[in-house]
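Right, one structure below, let's go through it.
The values are calculated or read from the model by the stated rules, or taken from the named source; none is laboratory data. Keep in mind that this is a model prediction, so the values were computed, not measured. Glycine gets a Cβ as well: all are built from the backbone with ideal geometry, and neighbour counts include every protein chain shown.
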Amino acid sequence: MIKIRAEYCPQNHRCPVIRHCPTGAITQKDFGPPEIDDSKCTLCCKCTQKCSVFMPVGCCEKGPDSRRW
Ligand code: SF4
Ligand code: SF4
């Protein structure tokens, strides 16, 4: 599944990752942290490549995490 690390999201902008999700699984209420509908998520991991607030848990392993904080 994809976990949202809300504590790392500044929650002050519209999430640009939403439009990259091919299944419409990501939603956002106002400027809050995005949410994922697990029933729509196909674990394509496009979101995890765009922003590290989206963290794969038990899926999407593609080698070392090259993202920086
Ligand atoms: S999840 Fe990432 S891209 Fe989306 S609103 Fe939060 S910081 Fe911005
Ligand atoms: S893993 Fe893919 S389908 Fe799931 S929320 Fe992220 S972009 Fe959407």
* Restricting the search to region 24-39, which residues are exposed (fewer than 14 other Cβ atoms within 10 Å of the Cβ) and either near ligand 2 (Cβ under 9 Å from one of its atoms) or on the phi > 0 side of the Ramachandran plot (or both)? -> GLY24, ASP30, ASP37, ASP38
* Could we say that ASP37 is modelled with pLDDT of 95 or more, in contact with a Ser or Thr (Cβ under 9 Å, 6 or more places away or on another chain) and of a type in the set (D, E, K, R) here? -> yes
* Sole exception among (1) modelled with pLDDT under 95; (2) near ligand 1 (Cβ under 8 Å from one of its atoms) for TYR8, by number -> (1)
* Asked: In this structure, is PRO22 of a type outside the set (Asp, Glu) and modelled with pLDDT of 95 or more?
  -> yes
* Count - residues of region 44-63 that are surrounded by 14 or more Cβ atoms within 10 Å (Cβ to Cβ) and away from ligand 1 (no atom under 11 Å from the Cβ) -> 6
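Restricting attention to region 1-23, and to residues there that are assigned to a loop (DSSP other than H, G, I, E, B) and more than 14 Å from ligand 2 (Cβ to nearest atom), which single residue is surrounded by the fewest Cβ atoms within 10 Å (Cβ to Cβ)?
We begin by selecting, within region 1-23, every residue assigned to a loop (DSSP other than H, G, I, E, B); these are 1, 5, 9-17, 21-23.
Now drop any that are not more than 14 Å from ligand 2 (Cβ to nearest atom), which leaves 9-14.
Numbers: CYS9: 19, PRO10: 8, GLN11: 14, ASN12: 6, HIS13: 9, ARG14: 11.
It comes out as ASN12.
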